[in-house]
Amino acid sequence: MLNLNIFSITGVDSALLQNNASVIHQIKDAGEFWIAIYNAASQIEKRLVVQVDEQAKSFIINITADDLPTGKACCCTENGILVYTLRSGGFVHLKGSEDGCFAMLYKAGSEDAIWDSRKLDAGDFFAFMLLRPGKYSFSNRISGAECLLTVAYPDPRQNSKAEGKEAEPVRLRTEYDANWEPLTIKPGQGVVVEVNNPSRLYCDLREVDDGPEDLIAWKNELKRNNIL
Amino acid sequence: MSDVYGAISDDAIQRIINDTHVKAPFLFNYVAPSIRFVQDDAGRLVDTEELWVTCSPVEDSPLDGEVPRFTRMQPFSLPGIPVKLPYCIQIIDAALDFHPGNIIALPPELPSPLSEQNFSMSAMVQFGMACIPDKLSALQPIPNLAKHVWRLPVLPVTELVCFTLNVFAFGRVTVTPENIGAGIPFDRIGLAVGGIEIVDIEPRGLENVVECYLIAMLKSYVLPKLILSLEDQVVKSLGLTVTSKLTAGLPDNPAIEENELRIWLDVKVI
Amino acid sequence: MSDVTFSVNESTFKAVFNKAYPGKKLNFNESGSKVLVWLGVEGEIHIEGAGGIEFEDGNTFLLKELEIGWDKLILRLGLDVPNVEIGKFCLLRMPRSIPFWGDAPFLGDECLVEFPGVTLFTGKPDIGPFKLNLNAIIPYIVTEIGGRYFIYINKEKDSSGKFYQMVHAKPTAVDVDPISISDTMGKLPAIIQGGIYYAASQMIKYIPQTWMVDVVLSFLGFPTLTAFLLDLLDIHDDVEDWLMDVLNVSIGIDNVLYQLIFQEMLESKELFKIEDPYPFIDAKTLDVSDFGGYKTTPAGSTFELPAITAPVTDAAVEFAEDNMFIRFNFGI
């Protein structure tokens, strides 16, 4: 079956990460941290402990609402919470989930989050991709920056097996008071945003694109010749 | 060359003849039976039954089942004799020899050794005839018995007057292609008898007439049947329905050589 | 010298051989695989006969060309559509210089975090199996089969209970060449096109909207699903070549036919048979009154004369001088 879940996503919200998006946050200081991951639909919270020091071998922990983090847990706390290690300056990579998720980072012993994925900040990265061709509004709902993002219709007549299937991702930066230039990407092409100021990045489908008008006639002609 | 070939040795045929002689004696013993009277306990004549009188005794076949010893012949009549006469003809011994002859020693009256493509044969044949009682031949009525005799189908005897003839012959096979209609070729297999000799038979006229009968028997029955049997067995052994024909263009087909009767056939597997 | 000698030449032997294999239909069902493609073939053949037989001295003969007739050929295809991953790209590269990561196993600019991407299909997006009925191209299939056989003679009982000396031919080796398919006059391309259309229509059922089809095609790199499936099946311009490759390499049809024919010929009936005991005079019904001197006079008017026979001994079969010779003696 076609992965209709991913095909049905027609937008992006960095505050509620679905399967087509993820964020990266760097932990520079050594120490013990707690991460809480929330599933938006069920409000189920998963916790884990991250011990950060300069000798740890892992440079990255991939976390998501659906699965356990990747990497080997070194031990468990008294409450049965898994403990992971991370090299100072390493990254926490929060991957989106089917229902949408977000995460919060705490210094051990503190109830005040030092990072909330719903409000990205300098040093974070946000990445996403879109499949539905059409015109989108891409904006930073905190700063108000906005641009037109177009997912171009993939005209099958132009397809060629020889061509690379995946285009390199488009890389952007958020800046205070700065709008982006209009952006056109292919379906599935990645967009990576380097966050430099508080951001909630949002992409909203405004107008679908079902392809050029002559495409249907071309397909009908093929169908008459038993070609689908 | 031919499609199919078959050969049988004279030694094998000789053993078959001997074996058949034992197992199927009726093929070698031809008898026109006599009768005998059956009496009741008081000695009165109440019936008659056949009496198979031969010159030489004939053993029962060792085979299970009903295997007769004699083939029935019809009694013959003579002018002036009011009753038919029983007799027997017994082939006591028979032999067949294919070129080069090494089984039968031919009498000096016949050329020896055998020519190429020739066979020889010998047979000891025993004949038995009924002797007619004087009283019967003189037509003297015999009280009681004579009345019965007139109505008998054959002369009642208990023994025959026997004599033995030793017959030798040689010859070769002939094949005459014929068309039996509808374009179907047919090979008529015959026998050319080169010579026949009956040892110690006189006078010449009697020898000639007996030879005449024997040649007719050989030509029309014995050897052609043997060849056709070989042909049939070759074809039958193919296990299939085939049509066969003697292969044409061969110098001798069937051939009699190297102590074998040989036959070459062209077959069409249907 | 044997009592009896029969011989048969090559052409008659061939005719008899061809009658012994009466065209019984032989079924086979075999499967194979290529990358992402499952292949099955259903077929039915019958042996038509020997095209050429050559006797070797001894007890073997070469069957130069065994002619077989194809009665059915159906190709079944199943496709394991590859579960393409899309949207995978390097999200974050390793900074060129981070002092406290001196022993990091990364080179500068190497990908540190990869965007996970997604898979196009969930579960197993398999298609088929669907059938390509190739009966129409049977006349264009050339199958070359040869073999070496040995003959032997053996006393056996037939189905009626009678014993025979039976001459059998058994294969010692059967060589089946890869089949070849010449130009099928457009028939094969049409059959394949029909099959692929069916497969594409099955696949399209998984993709509910047209734009999704085109997005999928953009990832697959093909203008149509038909083109994608043809590529997946590795079908290019020469479909005859493709089918030969499928049948010969992926299915190994030569081996299938080998097994089938070898087995059939092992089980084949006799070529020749000679009654054993051998009847000189067949059993027959005769009139009682025509004979005399019975051990016990039969009750009826006829009686059954048993066959006058002799056992067959020393039966042997061999090839010599371009003929097959059967020799035997009578055990009397």
Exercise for review: Only residues in region C:218-234 that are on the phi > 0 side of the Ramachandran plot count as the first member; pair them with residues that are among the basic types (K, R), Cβ under 6 angstrom, at least 6 apart or cross-chain, and list the lot.
Suggested key: C:G221/A:K161; C:G221/A:K165
Revision key, fill the gap. Log entry, pairs with first residue in region C:146-161 being assigned by TED's automatic domain parsing to the domain that holds C:D177, second being assigned to a loop (DSSP other than H, G, I, E, B) and at pLDDT 90 or above, beta carbons closer than 6 Å, six or more apart or on different chains, reads C:F150/C:N59; C:I151/C:N59; C:K155/C:D276
Review point. So which residues in region C:73-115 are at pLDDT 75 or above and over 30 Å from C:I207 (Cα atoms), if there are any at all?
Key: C:L73, C:L92, C:R93, C:E110, C:C111, C:L112, C:V113
Exercise for review: Answer yes or no as to whether C:P208 is within 14 Å of chain A (Cβ to nearest Cβ) and touching a helix residue (DSSP H, G or I) at 6+ places or on another chain (Cβ under 7 Å).
Suggested key: no
Review point. Taking the condition within 27 Å of C:V256 (Cα to Cα) and surrounded by 21 or more Cβ atoms within 10 Å (Cβ to Cβ), does C:I196 pass?
Key: yes
Review point. Restricting attention to region C:155-176, which residues are of a type outside the set (S, T, Y), on the phi < 0 side of the Ramachandran plot and open to solvent by less than 70 Å² (accessible area, probe 1.4 Å)?
Key: C:E156, C:D158, C:Q165, C:M166, C:V167, C:H168, C:A169, C:K170, C:P171, C:A173, C:V174, C:V176
**Study point:** Among the candidates A:T70, A:T77, residue that is at pLDDT below 85, polar (S, T, N, Q) and under 19 Å from the mean Cα position of the chain (by Cα)
**Key:** A:T70
Exercise for review: Search region C:62-86 for residues that are closer than 30 Å to A:L130 by Cα and pair each with any residue that is modelled with pLDDT of 90 or more and surrounded by 15 or more Cβ atoms within 10 Å (Cβ to Cβ) when their beta-carbon atoms are under 6 Å apart and the residues are at least 6 apart or on different chains.
Suggested key: C:I86/A:G188
Exercise for review: Taking C:L230 as the residue in question, decide whether it is part of a helix (DSSP H, G or I), under 19 Å from the mean Cα position of the chain (by Cα), more than 9 Å from chain A (Cβ to nearest Cβ) and under 25 Å from C:Y140 (Cα atoms).
Suggested key: no
Point to revise | strands (runs of 3 or more DSSP E) enclosed by region B:1-54 - at least 3 residues per element that are more than 7 Å from chain C (Cβ to nearest Cβ) and at pLDDT below 90 | key: B:34-39, B:45-51
Check your understanding: Which one of the conditions (1) out of contact with any Phe, Trp or Tyr (no Cβ under 7 Å at 6 or more places or on another chain); (2) away from chain C (no Cβ under 14 Å); (3) open to solvent by less than 60 Å² (accessible area, probe 1.4 Å); (4) at pLDDT 90 or above does A:L105 fail to meet, given that it meets all the rest?
Key -> (1)
Check your understanding: Out of curiosity, is B:V67 open to solvent by less than 30 Å² (accessible area, probe 1.4 Å), modelled with pLDDT under 95 and within 11 Å of chain C (Cβ to nearest Cβ)?
Key -> yes
Check your understanding: Looking at (1) within 14 Å of chain C (Cβ to nearest Cβ); (2) open to solvent by 60 Å² or more (accessible area, probe 1.4 Å); (3) within 30 Å of C:T296 (Cα to Cα); (4) modelled with pLDDT of 85 or more, which is the one condition that is false for B:N102?
Key -> (3)
Check your understanding: Does any residue of region C:116-137 turn out to be touching a Phe, Trp or Tyr at 6+ places or on another chain (Cβ under 7 Å), open to solvent by 20 Å² or more (accessible area, probe 1.4 Å), assigned to a strand (DSSP E or B) and modelled with pLDDT under 90?
Key -> yes
Exercise for review: Considering only region A:6-32, state which residues are open to solvent by less than 10 Å² (accessible area, probe 1.4 Å), over 15 Å from A:S117 (Cα atoms), touching a strand residue (DSSP E or B) at 6+ places or on another chain (Cβ under 8 Å) and not in a loop (DSSP other than H, G, I, E, B).
Suggested key: A:I6
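The values are calculated or read from the model by the stated rules, or taken from the named source; none is laboratory data. All figures in this text were calculated on a predicted structure; none of them were measured in a lab. Note that each Cβ is placed from the backbone with ideal geometry, even for glycine, and that neighbours are counted across all protein chains shown. Just so you know, the surface numbers come from the protein's heavy atoms only, side chains and all, with ligands and any DNA or RNA stripped out. Shrake-Rupley method; radii C 1.70, N 1.55, O 1.52, S 1.80 Å.
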